[in-house]
Ligand SMILES: [Fe+2]
């Protein structure tokens with residue numbers, strides 16, 4: 001029993017929510033690390049660096065969440081079994097997505113986490129008065145927003161690249177038709 005000015009039932013509810021968040025963050029960090037190692041393609045260097053930065057940030061935050069659970073008197077999850085049981089995100093074992101699919105996959109997961117964090121901050125009555133956890137979750141939300149915007153920039157770049165490739169294809173086709181169809185052969 002600890003007495004830090006928070007109701008026991010609220011502390012229990014908040015530690016449960018934090019352990020769920022820890023599970024999601026752990027899975028996302030592992031997935032980001034996997035993509036950092038396995039990304040291939042023309043944007044290898046940019047994406048390898050971006051994913052590396054992002055998993056390092058997630059790992060720092062994971063540590064803070066685990067320690068916050070302890071500060072509230074709970075036991076922090078620390079096994080893959082617990083993380084996998086409680087995460088709301090999906091792993092894709094043995095799948096090796098393209099570089100673009102990796103960015104999209106991470107982007108979707110950050111969005112799920114952002115919706116969940118916003119929901120907790122707006123609607124979890126147990127958080128009332130728990131300034132420490134509220135501050136931690138607010139910071140997490142801001143970090144995820146930054147990560148999403150970085151991934152979005154990469155997707156933007158890909159969109160431009162895809163447009164450019166499409167335009168190149170069209171030019172190639174035009175040239176191809178001129179080259180392959182000798183003057184006067186058209187019927
Ligand atoms: Fe590395």
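The values are calculated or read from the model by the stated rules, or taken from the named source; none is laboratory data. These figures come from a predicted structure and were not determined experimentally. Methodologically, a virtual Cβ is constructed for each residue, glycine included, from the backbone with ideal geometry; neighbour enumeration extends over all protein chains shown.
Just to be sure before I move on: is residue 116 within 16 Å of the ligand (Cβ to nearest atom), surrounded by 15 or more Cβ atoms within 10 Å (Cβ to Cβ) and closer than 15 Å to residue 143 by Cβ in the structure I sent? When the stated conditions are applied, residue 116 does not pass them. Which one of the conditions (1) away from the ligand (no atom under 16 Å from the Cβ); (2) farther than 21 Å from residue 140 by Cα; (3) touching a helix residue (DSSP H, G or I) at 6+ places or on another chain (Cβ under 6 Å); (4) outside any loop (DSSP other than H, G, I, E, B) does residue 41 fail to meet, given that it meets all the rest? (4) is the only condition that residue 41 fails. Consider residue 60 carefully, then state whether it is free of Cβ contacts under 8 Å to residues at least 12 places away in the same chain, more than 18 Å from residue 91 (Cα to Cα) and out of contact with any strand residue (DSSP E or B) (no Cβ under 6 Å at 6 or more places or on another chain). So residue 60 fits the description; yes.
Scanning region 68-115 for residues being within 13 Å of residue 25 (Cβ to Cβ) and without any contact (Cβ under 8 Å) to a residue 12 or more places away in the chain gives a total of 0.
Restricting attention to region 35-52, the residues that are under 13 Å from residue 100 (Cβ atoms) and surrounded by fewer than 19 Cβ atoms within 10 Å (Cβ to Cβ) total 6.
Of the numbered criteria (1) closer than 17 Å to residue 19 by Cα; (2) at pLDDT 90 or above; (3) surrounded by fewer than 16 Cβ atoms within 10 Å (Cβ to Cβ), the one residue 121 fails is (2).
Okay, residues lined up against (1) assigned to a loop (DSSP other than H, G, I, E, B); (2) within 14 Å of the ligand (Cβ to nearest atom); (3) more than 21 Å from the chain's Cα centre (by Cα); (4) within 17 Å of residue 148 (Cβ to Cβ):
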site: 48; (1), (2), (3), (4): no, yes, no, no
site: 53; (1), (2), (3), (4): no, yes, no, yes
site: 59; (1), (2), (3), (4): no, yes, no, no
site: 65; (1), (2), (3), (4): no, no, no, no
site: 68; (1), (2), (3), (4): no, no, yes, no
site: 73; (1), (2), (3), (4): yes, no, yes, no
site: 82; (1), (2), (3), (4): no, no, no, no
site: 85; (1), (2), (3), (4): no, no, no, no
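When residues in region 93-123 are screened for being part of a loop (DSSP other than H, G, I, E, B) and under 14 Å from the mean Cα position of the chain (by Cα), 0 of them pass.
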